[in-house]
Each structure stands twice: as C-alpha cells, then as structure tokens.
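Okay, so here's the structure we're looking at.
The values are calculated or read from the model by the stated rules, or taken from the named source; none is laboratory data. Note that this is a predicted model, so its numbers are computed, not measured. Using ideal geometry, Cβ is built from the backbone for each residue, glycine included, and neighbour counts are taken over all protein chains shown. Accessible surface areas use protein heavy atoms only, side chains included; no ligands, DNA or RNA. Shrake-Rupley method; radii C 1.70, N 1.55, O 1.52, S 1.80 Å.
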Amino acid sequence: MVIGIDVGGTNTDAAIVSDEIKTIKLPNEVGIGGILKEISKEVNLVKEKVVVSTSWPLNLIISKFSEYRTLSLVVPGPGLNYSEYGEVVKGYVNHRGDIVEDIDEYEIAAIFRENSYDNVAISSKFSVRNGSLEEKIAEIVRNYVEDYRIALSHYAGGMNFPARIHTTVINAKIKETVFRLTGLIRRYAGDFYYFKGDGGIIPYSIALNNPSELYNSSPAAVALGAVYLTGEKNALVVDIGGTSTDFVEVVNGMPKIIEGIELAGRKTLIRCVDSVSIPFGGDSVVEKGKLAPVSSKPLAFGGERFTLTDALNCSGYEIGDYRASREFECDVESVLNQYVSLAATTVKEIGCEKLIGTGYLAPYLIPEIAKAAGVDYIIPDHYASANAVGVAVSRVSMTLYVRIDTEKGFAAYNGHTEPCPFKPGSLPDDEEIVEVAREKVVEVAKKFGASEEELGKVRTVYFNSFTVVRGGMKRGVIADVVVQIEPGIRYGRL
C-alpha cells in the first residue's frame, strides 16, 4: 500500500493505492495536517509508504523571489569575477578537487556583522568534486542563520557554475518551507518521500538539501496518474484545476522533461516536466462577462463570486449547490466558449491525437475541448485525483555526480569525498568506472530505504575520462560520470 498526496492551488488530493484505489479531496484551508488526519482514519501512516508532492507552495515562494533577503556567498577562485552572482569571498577548490586556498573566517563573519539575511546560499566553483569549503563556510554561517536557511551548491550538482549558483539561491529561499513542512508531515507519517518535478521520488532527507527538485511536480504527478489509470502511452494530459489548466505531453509512457529551466531570469539546474498552463480553472472568476485570471471559491461551494464552475451549472450541469450558481445572471455560453476556445487552441499548438482529461471538471469540459480541437479523448476513473494517484505509483529516482581520480586515490560523490574504489595509479577502463557509478547510486538509494523492486533502470547521463600521463608514464585515470535512476511508474501490486 502507498499513500500519495498532492498539494494543488485550491485543493489537496490524496490517494490510497493498493489492490484498489481510494481518493480523498479536501480544500487547502484544511491544510496538509488536516488531510493527514483524515487519511489516518483509513490507514496507519507510520507503517505505510507515504509520498508527498508540494510544488504549488514552492511555486508561490519563487513567484515572490525578491521578497526574501538572500545572501549569495560565491567562492569562484582567483582571477574570476562573479560579483554579479553575490558576495565573492576567498577560497579555492581547483578542477581536481584540491583545496588550493582556504577560506578567511574573519571575512565571512564581517559580512554578517554588517547586515542580516533571511537565508544564505553558498557556492564554490568545483564543490561537486570537493564540497568541504562549502561545509566549512556553513559552520561559520550557522552562528548567524539557522541551518534550515542555508543551502550548499554541491547538493545541486552540475558543473555549470552560474546555473548552480542560481539553483542554490532558489534552494536557500525555499528550504525553510520544505523543512517546516517535513516536520509537520513526520508528526503523522514518520519517514516519507517527496515527489519531484521529473516524476521520480526521493527520501525527504535528500530533498531538504536540494528542495528545488520538487519544483513543478504537480504536472508530473497528474501525467503519471493519467498513464497509470488509462494505460495510454502517448497522449496529451489536460488537467483542469481550480486556478489553472495544465497541459502535459506524454511520450512512451512518460511526461516530456525539460532540463535547466529559467527562473527569475536566470538558468538553473532544475529538471522538471515540460508543461504548458493557461491561467483559468474551475475557480476562475467571471468579470464583466469574461473569465479573469483571479480565483475564488465558486458560489456552488459557498463562495461569493461567480466562477467557471458556476457557469457550467447555469448551462445545465449540477455541480455542488447548483441552485446558488443559477441566481447569478451571465452570458454563460460566451464564458464557456472563451475557456474551451483557449484550451482547444493550446491543444492544437502542442499537437496530439488523444486527450486524457483529469481534474474535477474533466467530464464537463474535456469533451468540448476535444471536439473543438478535433481529437479523441478519454476520462479515466479517479480523474478528479489523478495527481495523487500519480504520486503514489511513482518510483524512486535520484542523480549522482561522480568524480574518480585514481592518480590521487580519491572519489567524490555529489561533492562528498571517499577513498577511490580502484587501486591508486590503476587504469580502469570506461566500463568499469561506469559500473562503479551505477552501483553507487543504487547503494545510496537503498541506504535511504528504497527496495530493489522500486528502482528503475540506471541511465548514464554523462561520461568523460582521460589518462593522466607524467614523465612519459601513465599515472592514473580521471573520470566524471553522471548517473540517474530513471523516474517512472511502479507497476504491479503496491
């Protein structure tokens, strides 16, 4: 049995998936604690596997990017001007992972004596090969800022230093929210997993160090849920939520992924589902006869403003207290045509042969959207909570950045150094190095509680190696490897 929870813009959905599927939908006013209490009436959350998707609150924080006072401490090394990325401080780790210049503790302390900050991002240029300078800086920063407000760049991985700096800044801004949410969930569920934006899941302890991986996870969740519930491998998922409608293309059973998205005007290392959204959903308010990108509780559910949901009731449907909707006078045909036309145009621009409709308004609007776009459609069981189902049926996925240096006799895994798995001075071939990296990422996943059947295929994302030659003799091998346990759906009995 697995419990999947997805916090959306309007509602929080939960799915209890075993031989059967049971879903629960509660308004966000109840909060994650409220829905956990509700689920606790059905199952023992401490004993069962719990997976949580939280992209909406994180998206909200990122939308208020400049409101958080973030100090970005950058350690680029000598001769490099990174002042536009933050406060440049002394220290240097070279390309081989050697500490060439230590930090200046007094320099860092002086920065905090002059100013105060909400959170701190620490980024050293080659920290993915040796993260010890970042850790040393963090020890000093903890005298001024709580640990849950400090982000270190080696957890983000990736050699693109500007993108890693910006990803670390984002991590610093959202880390406290994820930390506090984690504490709340653990009151009810004990150890649990977070659902990522690429459709995989990771233990909460890993997410705390790189919370940007959770960004935009809801579209990934609904795509996996749609595939699981329908068996369709190639389609366009149209998820009609309360505040927006998301469009996610599914190819060969997985949502399309985009690498290195831009946030707040700069490239990041974030990998997530490639989705398109329009700013209208069931709670979108009708103003002066047209839909507005403003959300409110529908009249049919005790609200005070006329919405798209209320317009459907005025056209003959009976959703909630439909009589309350019909007390309002409006050209509902024009309102519905506006929404359907915009959604159908989006479908045509993306291109597909079949829609999978999800969200609580799917039965009412998907047939019209499909007709206007000239495509087929399917609406699965549990369409209203397909997002939570997707969270529940996903499998563990994680990425490991590996540096092997047999000349110096060390290895680095996401910036943490260990003794080299090969003898000093040895010359392992490419296949042996890749196999070590693949075994290591599986070892790490199992260390955090993943079982063998939960793990998907291990993919080699990047590989480069060369032989070190000194004095005409081969002294060792240096290799960089990036491996990933691929995200996907865990089929079969849960």
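A few points about this structure:
- When the inverse distances between all different Cα atoms of the chain are averaged and flipped, the Kirkwood radius reads 24.2 angstrom.
- With all protein chains in place and ligands, DNA and RNA left out, the 1.4 Å accessible area ranks Lys371, Lys297, Lys196 as Lys371, Lys297, Lys196, largest first.
- Normalised by the number of residues in the range 84-166, the average gap of Cα pairs under 8 Å and 6 or more apart makes the relative contact order 30 percent.
- The distance linking the range 193-228 with the range 127-185 is 19 Å (Cα centroid to Cα centroid, whole angstrom).
- With all protein chains in place and a 1.4 Å probe, the accessible surface of the range 232-326 carries 46 percent carbon and sulfur.
- Percentage relative contact order, the range 347-488, counting C-alpha pairs under 8 Å, at least six apart: 24 percent
- Cα Rg, Dmax, the range 238-300, angstrom units: 15.3, 43
- Relative to the dominant Cα principal axis of the chain, helix 105-114 is inclined by about 40°.
- Tyr401 long-range amide H proximity, modeled H, under 5 Å: Asn414
- Degrees between helix 132-141 axis and first principal axis of the chain (Cα, 0 to 90, nearest 10): 70 degrees
- 3J(HN,Hα) couplings calculated from phi for the range 256-262 with the Karplus curve 6.51 cos²θ - 1.76 cosθ + 1.60 (θ = phi - 60°) are, in sequence order, 5, 10, 10, 9, x, 5, 9 Hz; Gly and Pro show x.
- Estimated at the nearest 10 Å², the accessible area of His95 is 100 Å² with a 1.4 Å probe.
- The range 353-475: antiparallel DSSP beta bridges as a percent of all, rounded to 5: 75 percent
- Derived scalar couplings between HN and Hα for the range 437-444 equal 5, 5, 5, 5, 5, 5, 4, 5 Hz in order, rounded to whole Hz, by the Karplus curve 6.51 cos²θ - 1.76 cosθ + 1.60 (θ = phi - 60°), x for Gly and Pro.
- D (Stokes-Einstein, µm²/s), Kirkwood Cα radius, the range 23-92, 1.567 mPa s at 4 °C: 78 µm²/s
- Inverse mean reciprocal Cα-Cα distance (Kirkwood Rh) of the range 198-279, Å: 13.4 Å
- Computed accessible area, Glu67, all protein chains, 1.4 angstrom probe, square angstrom: 130 Å²
- Nonlocal amide H pairs with Lys90, under 5 Å, H built at 1.01 Å: Asp104
- Rounded to 10°, Cα long-axis angle of helix 217-230 versus longest principal axis of the chain: 60 degrees
- Average projection, convex hull of the Cα set of the range 32-151: 10.6 square nanometres.
- Sorted largest first by accessible area at a 1.4 angstrom probe radius, with every protein chain in place, the residues Ser53, Ser83 fall in the order Ser83, Ser53.
- Relative contact order, whole percent, for the chain stands at 15, derived from Cα pairs under 8 Å and 6 or more residues apart.
- When all alpha carbon pairs of the range 321-374 are counted in 10 Å bins from zero, the resulting P(r) reads 22, 46, 23, 8 %.
- Given in Å, the Rg to one decimal and the Dmax to the nearest whole number for the Cα atoms of the range 139-194 are 13.4, 39.
- Heavy-atom accessible area ranking, 1.4 Å probe, most first, across Phe328, Phe112: Phe328, Phe112
- Note on Met398: accessible area is roughly 10 Å² with a 1.4 Å probe, heavy atoms of protein only.
- Whole-Hz Karplus values for the range 233-250 come out as 9, 9, 6, 10, 7, 10, 10, 8, x, x, 9, 7, 10, 9, 10, 10, 7, 10 Hz, taken residue by residue from phi with 6.51 cos²θ - 1.76 cosθ + 1.60 and θ = phi - 60°; glycine and proline positions read x.
- Cα-based Rg / Dmax (Å) for the range 255-334: 17.4, 50
- Cβ-based net charge around Ser218, under 9 Å, with every Lys or Arg adding one and every Asp or Glu removing one: -3
- For the range 85-196, the alpha-carbon radius of gyration amounts to 1.14 times the rule-of-thumb value 2.2 N^0.38 Å expected for a compact globular protein.
- Here the chain carries DSSP beta bridges of which approximately 70% are antiparallel, counting only pairs with both residues inside.
- Under 5 Å, built H, 5+ apart or other chain: amide partners of Gly476: Val468
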